[in-house]
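Just below is one structure, and these are the notes that go with it.
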Amino acid sequence: MQPVAAAGNLTLPFNVPQPRITSWTDHHYPDRQDDGTMIRFDGARGYAYDGHRGTDFAVPSNTPVLAADDGTVIYSEWSDSGGWGVVIDHAYDRTAYFHNNQLFTYPGQHVSRGQLIALSGSTGNSTGPHIHFEVRDLLTPWHSVDPYGWTGPGKDPWRWDLGYLWTSNPPVPFLLPLAFPSGAHWNYWYGIDGPPPPVSWRLRDGGRGLAGFAARWDADPGVAAGRTLATSGSAAVPGPGAHTLHLRVFDRAGTSADITYLYLYDVDPPTSALRVDPGSSIAPSLHWSGNDALSGVKGLAIEVAAGSTAFRPWYSQSADQPAAGKSQGALRFLGDPGVTYQLRLTLNDAARNPAAPVVVTASLSAGAAMPATAADHAVLGPLPAQPEGAAAVMGVRQEHPSAEGALLLGTDASVHGLGGSAPIPNAPPASVAAAVDVATLPSGPLRLLADGTTWNSSGLAGPRFAVKSPVRLLGTSDGSILAVDAGGAIAVASSSVAGESRGGGSVSLSPGTTLVDAAVFPGSHAGLALDSAGAVHVFGIADPGLAAIASGWMLPGKPLAIALGGTPQAPAGIMTDASGDWQTLGSMLLLPEATFGGPLFDGTTGVPVR
């Protein structure tokens, strides 16, 4: 038997009086074995599912989930079974909170008892909204214990149970929920795309009255710190590096807690190296390395060119959790005898800063002493062929699904239709500027280039937009087209007139942010634009209901795209981040089927991934 720990270190993880428990912890076999018997804390049978390791509290979706004790977050991510989950390491035990809709924590973060860590939901393997709350023994961390202890007759069936762990059934008052409607994102590496904007926050009263806050970078201000008597504030990130913002929040009952958020900024590019082992084999070894002192090496790619042909993708990898310092690896390249190959290494860090490309030459002997075996070919494979549907210079700049099939814009401004019955003319534009976007108009596809010019698929010029950094071309049902600029400008033109556009307004952006995408509602000139901080901006209409759409970006990655349906009075949409996570506004039933039905293509290889 393990020694009984001092009881009374946990509070309930929410502020719901007398919560309903739909599934107790199973004391019979707490290892998820299906043995047909369920025993709860008082020896009674039933009231749970067999092998249940935690307690299911039935609370409505988006109920604030609070930390049951002070501790350090060691897990904060998605799992297929538990949905969005958090695990916190305390002095005596660990607590876990699963099936949430949204998380407000990151690994390594210090949290205080009663701090908002998530919003409840029914994600993962769940049949309804609830919180799966689990307590784990520190001595055997993946063994769960029941916070209600054991009060039944006879010995506890669990040899590692630690007794009753609640300080009291009422939870800590809802004291410390923090909102970040704009400004820098915590636990996100800023880098090549610009410095982080100032951090901003807003506090909400938890029931005992707010008595102000104290803010300080990289150190707890302490309980004796001077307070700011306000419910909101802001602070600029000190500079490059990893910086922790400490917000000590005070209530009128004399309680305070230190809330921490990590902000990351890296402007130094990584370094990289690539070499080929000398020798006469046609399968030489390649050795690559990269070094980044702050954010760490995130992704790398090695391309290959045979003779004077263009480079083609060959090998790539991406680190889920990059670590600062040196990364390295080795692999074998299998080529053809007598051919000279160029191998190019490109590498970036977690802040998206690229290293300078490195190119090496591998000349394979025509009379190699160690020819490739059948096993070599089976493991290493031949030089990759051009992917089907890829643009000639490789890469897909944009992809637009539709009921007739996806429309692809290549990096060389070529247009490709996949799934459609009619071929698309593909005359090159007279401008050599980079391709930006393509819009589907009644007259056919119209391409937008980085210099603001537009070109149809026959190579004829369309309207020219006086915008500096265009990011999106939008067509409307009346034939008008809109060009959206990264700086917030929106220009309007007619698709039938080849001339300068007229002004269409603009959206006001916070310092340090840019527009990354925009969309219009079907049948209107009104729409929404998404900026790099995740804020949503209204354009083309002054509808108070539309302006009230929440602008807080709550996804873990970088804002990337927005799709719209419905009307300005009944809007619906999907916002997506660079990692593929998404959140919705309004009813998804109002979105067109093509939003989900079209293929999605990898931006480097052109290979379909969805």
Of G191, G239, G233, the only residue that is over 30 Å from G54 (Cβ atoms), modelled with pLDDT of 85 or more and loosely packed, with under 14 Cβ neighbours inside 10 Å is G239
Meets criteria (assigned to a loop (DSSP other than H, G, I, E, B) and under 20 Å from Q18 (Cβ atoms)) for P60:
yes
Unmet criterion (only one of (1) farther than 30 Å from G335 by Cα; (2) in contact (Cβ under 8 Å) with a residue 40 or more places away in the chain) for T231
(2)
So I21 passes all but one of these: (1) modelled with pLDDT of 85 or more; (2) more than 22 Å from L162 (Cα to Cα); (3) of a type in the set (V, I, T). Which condition number does it fail?
(2)
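Quick check on this structure: which one of P313, P322 is in contact with an Asp or Glu (Cβ under 8 Å, 6 or more places away or on another chain) and assigned to a loop (DSSP other than H, G, I, E, B)?
P322
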Residue set P429, P425, P445; condition within 30 Å of D531 (Cβ to Cβ), out of contact with any helix residue (DSSP H, G or I) (no Cβ under 8 Å at 6 or more places or on another chain), assigned to a loop (DSSP other than H, G, I, E, B) and of a type outside the set (A, V, I, L, M); output residue P429
Being in contact with a strand residue (DSSP E or B) (Cβ under 8 Å, 6 or more places away or on another chain) and not small (G, A, S) is the requirement here; does P313 meet it?
yes
Scan of region 452-470 for residues that are of a type outside the set (A, V, I, L, M) and exposed (fewer than 15 other Cβ atoms within 10 Å of the Cβ), ordered by number
S458, G459, K468, S469
Tell me, please, whether a residue that is under 19 Å from R136 (Cα atoms), crowded, with 23+ Cβ neighbours inside 10 Å and charged (D, E, K, R) can be found in region 104-122.
no
Condition check for S308: surrounded by fewer than 19 Cβ atoms within 10 Å (Cβ to Cβ) and over 24 Å from Y265 (Cβ atoms)
yes
Output the residue which, of all residues in region 245-277 that are modelled with pLDDT of 90 or more and of a type in the set (S, T, N, Q), is surrounded by the most Cβ atoms within 10 Å (Cβ to Cβ).
S272
Are any of the residues in region 495-503 among the small types (G, A, S), part of a strand (DSSP E or B) and either closer than 23 Å to I562 by Cβ or modelled with pLDDT under 90 (or both)?
yes
Which condition number in (1) closer than 25 Å to D258 by Cα; (2) buried (at least 21 other Cβ atoms within 10 Å of the Cβ); (3) not polar (S, T, N, Q) is the one that G82 fails?
(1)
Per-region count, region 542-589, residues at pLDDT 70 or above, in contact with a strand residue (DSSP E or B) (Cβ under 7 Å, 6 or more places away or on another chain) and not hydroxyl-bearing (S, T, Y)
21
For G487, all conditions in the list (1) part of a loop (DSSP other than H, G, I, E, B); (2) buried (at least 21 other Cβ atoms within 10 Å of the Cβ) hold save one; what is the number of the exception?
(2)
Matching residues in region 217-248 - criterion: being of a type outside the set (A, V, I, L, M) and under 29 Å from N15 (Cα atoms):
D220, P221, G222, R227, T228, T231, S232, G233, S234, T244, H246, R248
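The values are calculated or read from the model by the stated rules, or taken from the named source; none is laboratory data. Remember, it's a predicted structure, so these values are computed and weren't measured experimentally. Glycine also receives a Cβ, built like all others from the backbone with ideal geometry; neighbour counts cover every protein chain displayed.
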